[in-house]
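Here the structure comes first, spelled out in structure tokens, and everything after it is commentary.
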Amino acid sequence: MNISAVRAGIATNANAIQGLNCYGYVPDSISEPAFYAAEVDVNYDTSYGSLDELMVTCRVLVGRADDAASQALLDDYLSRGDRSLKAAIEADCTLGGACDDLRVQRVQGYRYYEHQNSKFIGAELVVQVIGTPEE
């Protein structure tokens, strides 16, 4: 698997949510609400050398102008409704051929985040990705 293609594919899928600014990398600055693929953990040879596994930690950040409204928007992104990040990311489980399969495994870290000296309310989504190693 090509890690850059996986990160870009996750952001492309998330971009189906109208009004959400999506990045396949950690951007220098963001326009909120924002979603981006951040840290990547790699487990090589998870199935007797035939598959690699990536655990991609993604962040979704919303503004803090109105704490209640901001948290309600964040909750929408984390729930299974019209703005569901889980549904958007899993809409194409192969990311256009960049991997064999994926699933949004969990949400964690619902809290305040600082990005480029600005504070946001946000959470992390951990996406499990499996695929054939690159030759």
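Bear in mind that the values in this text are calculations on the coordinates, not laboratory data. These numbers come from a predicted model, not from an experiment. Cβ atoms come from the backbone with ideal geometry, glycine included; neighbour counts cover every protein chain shown.
Can you give the longest run of the chain that contains no chymotrypsin sites (Phe, Trp or Tyr not before Pro) sitting in a DSSP loop with at most 12 other Cβ atoms inside 10 Å? List each step's numbers first, then the result.
Numbers: sites that count: Tyr25, Tyr44, Tyr48.
Value returned for the longest uninterrupted segment is 49-135.
Can you say what percent of the DSSP beta bridges in the range 3-131, counting only those with both residues inside, are antiparallel? Round to 5.
Values: 31 of 34 bridges.
Rounded to the nearest five, the antiparallel share is 90 percent.
Out of the range 74-135, which trypsin sites (Lys or Arg not before Pro) are coil in DSSP terms and have no more than 16 other C-beta atoms within 10 Å?
On the way: sites: Arg80, Arg83, Lys86, Arg103, Arg106, Arg111, Lys119; in loops: Arg80, Arg83.
Listed in order of number, the matching sites are Arg80.
Say R0 is 30 Å: what FRET efficiency, to the nearest 0.05, do Tyr110 and Ile3 get from their beta-carbon distance? Walk me through the numbers before you get to the answer.
Numbers: r = 26 Å, r/R0 = 0.87.
Efficiency computed from Cβ-Cβ geometry: 0.70.
Report, to the nearest 10°, how far helix 67-78 tilts away from the longest principal axis of the Cα atoms in the chain, using its own Cα long axis and a range of 0 to 90°.
The answer is roughly 20 degrees.
Tell me the label only: which of (1) -0.30, -1.11, -1.22; (2) -0.31, -1.01, -1.10; (3) -0.34, -1.30, -1.43 is log10 I(q)/I(0) by the Debye sum over Cα atoms at q = 0.10, 0.19, 0.20 Å⁻¹ as calculated from this structure?
Read-out taken from this structure: (2).
Compute the FRET efficiency between Ala65 and Glu134 as 1/(1 + (r/R0)^6), taking r as their Cβ-Cβ distance and R0 = 41 Å, and round to the nearest 0.05. Show your work: numbers first, answer last.
Details: r = 44 Å, r/R0 = 1.07.
So the FRET efficiency works out to roughly 0.40.
Taking the alpha-carbon centroid of each part, what is the distance from the range 1-75 to the range 91-118 in angstrom?
If we compute the Cα centre of each part, the gap is 4 Å.
Using Cα pairs closer than 8 Å and at least 6 residues apart in sequence, work out the relative contact order for the range 1-89, in percent. Don't skip to the answer; put the middle values down first.
Numbers: 139 pairs, mean separation 20.6, N = 89.
It rounds to 23 percent for the range 1-89.
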